[in-house]
Amino acid sequence: MTDKPLASQIALVTGASRGIGAATAKALAAAGAHVVLTARTTGGLEEVEEAIYASGGTATIAPLNLTENDSIARLATALAGRWEKLDILVLSAAALGTLSPVPEIDPKELAQILTLNVSAQVALLTAFNPMLRKSAHGRVIGLTSSVARDHRAYWGEYAASKAAFEAIVTSYGQEMVNISQIRTALIDPGATRTTMRARAYPGENPASVKDPAVVAARITALLAEDFETGHFERIEG
């Protein structure tokens, strides 16, 4: 296998300003892909872009709020005007919300979480489906969580959004498998050193859980493999 297995491929990574999204963007660029970085924080995106260029890779930043009206459609139009196809879509952006008993879930916050974690993901798949279908090797990677399948107390809001997210990505993959080269996979990163993890487990020693680069390396390796649609794995370590 070449040291640039993703050479000539175009990748879009959401939530790319920090954490697993940022680490994945850097890893994909190191593997040869040109990476489009999206997130709300321009400063964070610029730092990731600079790190990619410093390592010999290439990237384009596209700051946007995935929940704003038409923001995703505008991004898709802009990218389609520059590239004919999209080879890789990594759906990393998500919000945790408040961990609380179900009877205390704030309906307004629940709507916001579902908008980003579910509705915006549907919009991304809708907007980029034409470009993904033009790829000879279209791949969609969705970052999920163990709570989507292993439900637990106080995690109902986030778990519900991730369960719905999994259903969307899996269903899309099944719809595409016989009419395109698109394949989908769900990755549960497990315990990883991220801002979201720190919020969920404030008393945890960050050094006791793995670096996002570990997750990024596995995602990049998977993208160089010929996996079947519907692939799921949890990254331990």
Considering only protein heavy atoms, what is the solvent-accessible area of ARG183 at a probe of 1.4 Å, reported in Å² to the nearest 10? 50
Net charge near ALA163 (other residues with Cβ under 13 Å of its Cβ; Lys, Arg +1; Asp, Glu -1) is -1
Which label marks the calculated value of volume of the Cα convex hull per residue in Å³, given the options (i) 122; (ii) 152; (iii) 131? (i)
From the protein chains alone at 1.4 Å, what is the descending order of accessible area for LYS4, LYS108, largest first? LYS108, LYS4
Net charge (Lys, Arg +1; Asp, Glu -1) of residues whose beta-carbon lies under 14 Å from that of GLU228, GLU228 excluded, is -1
Return the FRET efficiency for the residue pair HIS151, ASN178: r is the Cβ-Cβ distance, R0 is 22 Å, and the value is rounded to the nearest 0.05. 0.10
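For the chain, with only Lys/Arg (+1) and Asp/Glu (-1) charged at the beta-carbon, what is the dipole magnitude about the Cα centre, in debye rounded to 20?
For this selection, approximately 160 debye.
Around HIS137, what is the net charge, scoring Lys/Arg as +1 and Asp/Glu as -1 over all other residues with Cβ under 12 Å from its Cβ?
So the surrounding residues net to +2.
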With the dipole of the chain worked out from charges on the C-beta (+1 for Lys and Arg, -1 for Asp and Glu) around the Cα centre, which of VAL209, ALA95, ALA127 lies farthest toward the positive end? ALA127
Portion, in percent, of the accessible area of the stretch 61-183 that falls on carbon or sulfur, probe 1.4 Å: 53
Lysines within cross-link reach of LYS26: Cα-Cα under 23 Å, excluding same-chain residues under 8 positions apart? LYS4, LYS85, LYS210
Label-point separation, ALA191 to ARG133 (7 Å along Cα→Cβ), nm: 4.4
Would you mind working out the accessible area per residue for the chain, using a 1.4 Å probe, and quoting it in Å²? 46
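Go ahead and estimate [θ] at 222 nm for the chain from helices alone: -39,500 (n - 2.57) per DSSP H run with n ≥ 4, summed, over the residue count, rounded to 500.
Taken over the chain, the calculation gives -13000 deg cm²/dmol.
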Let me know the charge dipole size of the stretch 84-135 about its Cα centre in debye, to the nearest 20, where only the beta-carbon of Lys, Arg (+1) and Asp, Glu (-1) is charged. 300
Of ILE105, ILE168, ordered by accessible area with the largest first and a 1.4 Å probe, the sequence is ILE168, ILE105
Mean Cβ neighbour count within 10 Å, used as a protection proxy, ranking 66-72, 37-43 highest first: 37-43, 66-72
Two pseudo-spin positions, 7 Å from Cα along C-beta at LYS4 and at GLU47, lie apart in nanometres by 2.8
Using a basic spin-label model with each label point 7 Å from the Cα along Cα→Cβ, how many nm lie between LEU99 and GLU225? 3.0
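The values are calculated or read from the model by the stated rules, or taken from the named source; none is laboratory data. Keep in mind that this is a model prediction, so the values were computed, not measured. Please note: Cβ atoms are built from the backbone with ideal geometry, for glycine as well, and neighbour counts cover all protein chains shown. Heavy atoms of the whole protein, side chains included, go into the accessibility calculation; ligands, DNA and RNA do not. Shrake-Rupley method; radii C 1.70, N 1.55, O 1.52, S 1.80 Å.
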